[in-house]
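**Student:** Before I ask anything, let me first share the structure, which is written out below as structure tokens.
The values are calculated or read from the model by the stated rules, or taken from the named source; none is laboratory data. Just so it is clear, the model here is predicted, and its values are computed rather than measured. All Cβ positions, even for glycine, are placed from backbone atoms using ideal geometry, and neighbour counts span all protein chains on display. Just so you know, the surface numbers come from the protein's heavy atoms only, side chains and all, with ligands and any DNA or RNA stripped out. Shrake-Rupley method; radii C 1.70, N 1.55, O 1.52, S 1.80 Å.
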Amino acid sequence: MLKEQDYREAAGFVGGRIPLGAEIGVVLGSGLGAFAEQLDHPVRVKYSEIPHAPKATNTSHKGELVYGEAAGKKVIVLSGRVHGYEGYP
């Protein structure tokens, strides 16, 4: 079970790598990974690098958080997501 400090550590890690202020958040489903590849000025963070974050085990998912721009908007994208069948609560 994660503690408040674990969440803070993960948020601090991500906040130190990705700018704040995204205007749009997107969770990509199967077959939509190309969207994250088309962002302008992308900054990528693999889930496996984020402290306490669950790791995506589906090999067809990139398993990364991507910050960038699309059509002039600041966007943050979950490229690949964790599923209930992967054993996470």
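**Student:** Could you pull out every one of the lysines with an alpha carbon less than 21 Å from that of Lys3, ignoring same-chain neighbours closer than 8 positions?
**Tutor:** Those lysines meeting the cut-off are Lys55.
**Student:** What net charge is computed for the residues neighbouring Tyr67, neighbours being all others with C-beta under 15 Å from the C-beta of Tyr67, Lys and Arg scored +1, Asp and Glu -1? Walk me through the numbers on the way to the answer.
**Tutor:** Working: positive: Arg17, Arg44, Lys46, Lys62, Lys73, Lys74; negative: Glu23, Glu37, Asp40, Glu49, Glu64, Glu69.
With Lys, Arg at +1 and Asp, Glu at -1, the neighbours total 0.
**Student:** Along Cα→Cβ, 7 Å out, is where each label goes; now give me the distance between the ones at Ala34 and Glu69 in nm to one decimal.
**Tutor:** 2.4
**Student:** Ok, one more. How do 72-82, 35-45 rank on mean C-beta neighbours within 10 Å, highest first? The partial results should precede the final answer.
**Tutor:** Working: 72-82: 18.3, 35-45: 14.4.
Output ranking for 72-82, 35-45: 72-82, 35-45.
**Student:** Further question: Quick one: among Ala34, Ala22, Ala70, which has the greatest mean-square fluctuation in a GNM of the chain with alpha-carbon springs under 10 angstrom?
**Tutor:** Ala34
**Student:** Just check the stretch 16-63 against the gyration tensor rule for me: Cα atoms, a ≥ b ≥ c as the square roots of the eigenvalues, rounded for a/c under 1.5, and otherwise prolate or oblate depending on whether a/b exceeds b/c.
**Tutor:** Details: a/c = 1.90, a/b = 1.09, b/c = 1.75.
Since a/c reaches 1.5 but b/c is at least a/b, the shape of the stretch 16-63 is classed as oblate.
**Student:** Which whole-number percent is the relative contact order of the chain (Cα, under 8 Å, 6+ apart)? Spell out each step's value before the answer.
**Tutor:** Details: 142 pairs, mean separation 30.3, N = 89.
After rounding, I find 34 percent.
**Student:** Sticking with this one: Using a simple spin-label model with points 7 Å from Cα along the Cα→Cβ vector, what separation in nm is obtained for Ile24 and Tyr7?
**Tutor:** The two pseudo-label positions are separated by 2.8 nm.
**Student:** Which label marks the calculated value of volume of the Cα convex hull per residue in Å³, given the options [x] 113; [y] 96; [z] 79?
**Tutor:** Recomputing volume of the Cα convex hull per residue in Å³ here picks out [y].
**Student:** Please give every one of the aspartates and glutamates within straight-line cross-link reach of Lys73, meaning a C-alpha to C-alpha distance under 19 Å, and leave out same-chain neighbours fewer than 8 residues apart.
**Tutor:** Cα-Cα hits under 19 Å: Glu23, Glu37, Asp40.
**Student:** Further question: Given Cβ point charges of +1 (Lys, Arg) and -1 (Asp, Glu) and nothing else, what value in debye, to the nearest 20, does the dipole of the chain about its Cα centre take?
**Tutor:** Working: 10 positive and 10 negative charges, 10 e Å.
Here the size comes out at about 40 debye.
**Student:** Oh, and also: Helix-only estimate, please: 222 nm mean residue ellipticity of the chain, summing -39500 (n - 2.57) across DSSP H runs of length 4 or more and dividing by its residues, to the nearest 500. Before the final figure, lay out each step's value.
**Tutor:** On the way: 2 runs with 16 residues, N = 89.
Value at 222 nm, helices only: -5000 deg cm²/dmol.
**Student:** Using a probe of 1.4 angstrom, how much of the accessible area of the chain is carbon and sulfur, in percent?
**Tutor:** Numbers: 3250 of 5790 Å².
Roughly 56 percent of what the probe reaches on the chain is carbon or sulfur.
**Student:** Here's something else I'd like to know. I'd like to check one number: the per residue accessible area of the stretch 4-70, probe 1.4 Å, reported in Å² as a whole number. Don't skip to the end; give the middle numbers.
**Tutor:** Values: 4140 Å² over 67 residues.
On a per-residue basis, 62 Å².
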